[in-house]
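K.L.:
Before anything else, here's the structure in question.
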Amino acid sequence: MKPLSGRGLVLAMSIGEIGTLLPNLSFAALTPQFIAEWQISNAQAGWIAGISAFGYMASVPILMSLTDRIDARRVFLAGAALTAFAHLGFAVSAGGFWTGFFWRGLSGIGLAGTYMPGLKILTDRDLAADKSRAVSFYTATYSVGVSLSYLFTGLLTAAYGWHVGIGLLAMGPLAALLIALFGTGPKAQMPAEGHRLLNFRPVFANRRALAYILAYAAHGFELTAVRAWLVAFLGFAALRAGVGGNHGATAVAALFSVIGLPANVLGNELAMRFGRRRVLIAIMLASAAFSAGLGFVAGLPYAIVVGLILLYGVTLTADSGAITSGAVAAAPAEAQGATIAVHSSVGFAAAFLGPLAVGIALDAGGGQAVALAWTIAFLVMALGAALGPVALWLLGRD
């Protein structure tokens, strides 16, 4: 089979990315169920939700720095296999805080071997399409993957229980492995002259790249916190509004996430037309303001709450592709892998803290059944998001 190139390669790797993400938010989609079944606190649920981001953060500097020396395709294949193994392990043997914690952490290492290495497969190859748009489209399909993760987790769990449901979703990373194996050819790649593995000093000396890296951290804090606790918040809002039975929380969460695809692409197009830094500051400030306001809307009719959540999904995800494209564009070719490594690692370090910080806020405010607790939780998300525009304003000038 002839290796794909150009737009075909971008599409294939984006579909592969979706496959690796199918089991990714299974815990987040079922957080209320796991809290009740395993008898764990909100903070402990936050640890489990966030530990995958910690596993990602700890391993992505090594894995992405390696892609400056070896073909990113090899890293992706290993990462996809590990991702499938981790989620199958969760489906078979997770039964409480520590086992859930272990398998979710391992899944984060697998994600580190697929998400940004998949992007590096694209940037290392000659793309017929504009590279900025290719990067934006690839990162945008992350939203499709997590939306399908929400949706299929809910559907499969309702039909077969969570053990079988998550086990079936673990087939997604195996499909991604096959796509990368047969859809991309090996790329001969010599180490850059004078480039040492894990040499990140040039990255931190690059002010423009650092601005986008810190903005990505703020984005990751807010985004992962929302995704981890959205189903629980919708359950609370439905209860306050008197909506009984199945209130469609996982379906709403899926739609919330899939909105990220067009929003992400649109945000990058606006950034290319009107200036990346200016547009990103506006989007991130709007998202922080939206987040702060959502903490006060749980008493409104449920349909209005859902509508506001979906609008929030636009501002929350419109910045992602433009931020990552900015970091890639600001990096010299010989340090591109290292720059993406720091970008992704710092972003997922903040992503690890987001769900945990919200879990702690909920416990401090009295628990998920208390409106004040959710007000505090969304203010915590907004505060994290607001740090992104500050970084872009102070460091992002040409």
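K.L.:
Condition first: within 18 Å of Ala205 (Cα to Cα) and either open to solvent by 20 Å² or more (accessible area, probe 1.4 Å) or in contact with a Leu (Cβ under 6 Å, 6 or more places away or on another chain) (or both). Can you find one or more residues in region 339-347 that meet it?
P.N.:
Scanning region 339-347, I find at least one residue that is within 18 Å of Ala205 (Cα to Cα) and either open to solvent by 20 Å² or more (accessible area, probe 1.4 Å) or in contact with a Leu (Cβ under 6 Å, 6 or more places away or on another chain) (or both), so the answer is yes.
K.L.:
So Ile62 ticks every box in (1) β-branched (Val, Ile, Thr); (2) open to solvent by 20 Å² or more (accessible area, probe 1.4 Å); (3) at pLDDT 90 or above but one. Which box is left unticked?
P.N.:
(3)
Condition check ((1) among the charged types (D, E, K, R); (2) under 20 Å from Ile281 (Cα atoms); (3) in a helix (DSSP H, G or I)) across all residues:
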| position | (1), (2), (3) |
| --- | --- |
| Tyr216 | no, yes, yes |
| Phe221 | no, yes, yes |
| Thr224 | no, yes, yes |
| Arg227 | yes, no, yes |
| Ala237 | no, no, yes |
| Val243 | no, no, no |
| Val252 | no, no, yes |
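K.L.:
Check whether at least one residue in region 90-102 is under 17 Å from the mean Cα position of the chain (by Cα) and under 20 Å from Thr157 (Cα atoms), and report yes or no.
P.N.:
Kept after step one, since they are under 17 Å from the mean Cα position of the chain (by Cα), are these residues of region 90-102: none.
No, because not a single residue in region 90-102 is under 17 Å from the mean Cα position of the chain (by Cα) and under 20 Å from Thr157 (Cα atoms).
K.L.:
Do we find a residue being open to solvent by less than 10 Å² (accessible area, probe 1.4 Å), outside any helix (DSSP H, G or I) and under 21 Å from Ala288 (Cβ atoms) anywhere in region 379-397?
P.N.:
Yes, because at least one residue in region 379-397 is open to solvent by less than 10 Å² (accessible area, probe 1.4 Å), outside any helix (DSSP H, G or I) and under 21 Å from Ala288 (Cβ atoms).
K.L.:
Next question. When you go through (1) surrounded by fewer than 20 Cβ atoms within 10 Å (Cβ to Cβ); (2) closer than 20 Å to Leu174 by Cβ one by one for Gly6, which number turns out not to apply?
P.N.:
Unmet for Gly6, out of (1) surrounded by fewer than 20 Cβ atoms within 10 Å (Cβ to Cβ); (2) closer than 20 Å to Leu174 by Cβ: (2).
K.L.:
With respect to Ala335, is the statement that it is of a type in the set (Gly, Ala, Ser), under 30 Å from Leu210 (Cα atoms), surrounded by fewer than 18 Cβ atoms within 10 Å (Cβ to Cβ) and in contact (Cβ under 8 Å) with a residue 12 or more places away in the chain true?
P.N.:
Criteria not met by Ala335.
The values are calculated or read from the model by the stated rules, or taken from the named source; none is laboratory data. All figures in this text were calculated on a predicted structure; none of them were measured in a lab. A quick note on method: Cβ atoms are made from the backbone with ideal geometry, for glycine too, and the neighbour counts reach across all protein chains shown. SASA here: full protein model, heavy atoms, side chains in, ligands and nucleic acids out. Shrake-Rupley method; radii C 1.70, N 1.55, O 1.52, S 1.80 Å.
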